[in-house]
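Just below is one structure, and these are the notes that go with it.
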Amino acid sequence: MARGIPPPAPSGALRRLVDGFDRFRGQHFEQDHDLYDALLDGQRPEVMIIACSDSRTDPAIIYGAKPGELFVIRNVAALVPTYEPDHRPRGTSAAIEFGVKALGVRHIIVLGHSFCAGVRCLLEHDHGGARFEFVSDWVNIAREVRDEMDGLVTDAERAVIARRAEQASVLASLRHLATYPFVAEGVEAGRLALHGWYFHFGWGLLQAAESLHGPFRQVDGGTPPAPALGVAEAAPPLPCLRPGPGPARRCDAAGVPARPTEP
Ligand SMILES: [Zn+2]
């Protein structure tokens, strides 16, 4: 930048972010040394959440999670593509693979939400007449939801169909998840459970799918819902690997396995 020209003043939105970081550093980072020291060694979250990019549905805020607790994947409409190992760059599939294979997550939650613009794009092939360059093709990976809803959509019941489609998209993503061999193997072995959750922020309600085909039931406070697929068993300790050629996951003196490294 040319000398003498002051940098532009931060907008109100950016100012709030910087102020928020200052509060985080003072109230959390500098107050919880044990947590942040432990996280220096790496992450070991038990839960992966696949959520929508929608700014109203931040999983860490909704569930009050601490750093290190959630491995979060966010994309338009919280969709999971089917297993397609075609050597093309696939961000969501890569994150799922890393979470399951490298981090050993025990639970995968697909988190849908009400008033999802991505699902609306899926239903209407666009959004309010706007054709997107990437969004339309992305949401098309859940085209079975549009097929399921076809014929049901009328102006009179459009809102009802939208809520049904949002939940159907969660179920479709769960079924797509089950097509990944390493996910299916984890479910079969009892070390991985799949959950379909739906956040209705208009009502402030959380619902959970009872199976890969529904229905959704309201989650009662204090009672974790059963998985839609698989069994949620307690995580066993990681096997201790002795040092050898290449990177090894080793145990410390207390027998606690070292955490996997960051991607
Ligand atoms: Zn959404």
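The values are calculated or read from the model by the stated rules, or taken from the named source; none is laboratory data. Everything quoted here is computed from the prediction, not taken from an experiment. Using ideal geometry, Cβ is built from the backbone for each residue, glycine included, and neighbour counts are taken over all protein chains shown.
Overview of values
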{"quantity": "Single residue of Gly230, Gly246, Gly214 found to be at positive phi and modelled with pLDDT under 65", "calculated": "Gly246"}
{"quantity": "Pair list, Cβ under 7 Å, 6 or more apart: region 56-70 residue more than 16 Å from the ligand (Cβ to nearest atom), other residue assigned to a loop (DSSP other than H, G, I, E, B)", "calculated": "Gly68/Gln43; Gly68/Pro45; Glu69/Pro45; Leu70/Pro45"}
{"quantity": "Residues of region 76-108 classified as in contact with a Pro (Cβ under 9 Å, 6 or more places away or on another chain) and within 15 Å of the ligand (Cβ to nearest atom), total", "calculated": "1"}
{"quantity": "Counted residues, region 109-141 - those being farther than 25 Å from Phe216 by Cβ, at pLDDT 90 or above and not in a helix (DSSP H, G or I)", "calculated": "1"}
{"quantity": "Members of region 44-55 that are part of a loop (DSSP other than H, G, I, E, B) and within 16 Å of the ligand (Cβ to nearest atom)", "calculated": "Ser53, Asp54, Ser55"}
{"quantity": "Contacts under 8 angstrom Cβ, first residue in region 210-222 being within 13 Å of Leu194 (Cα to Cα), partner part of a loop (DSSP other than H, G, I, E, B), 6 or more apart", "calculated": "Glu210/Ala226; Glu210/Ala228; Ser211/Ala228; Leu212/Ala178; Leu212/Ala228"}
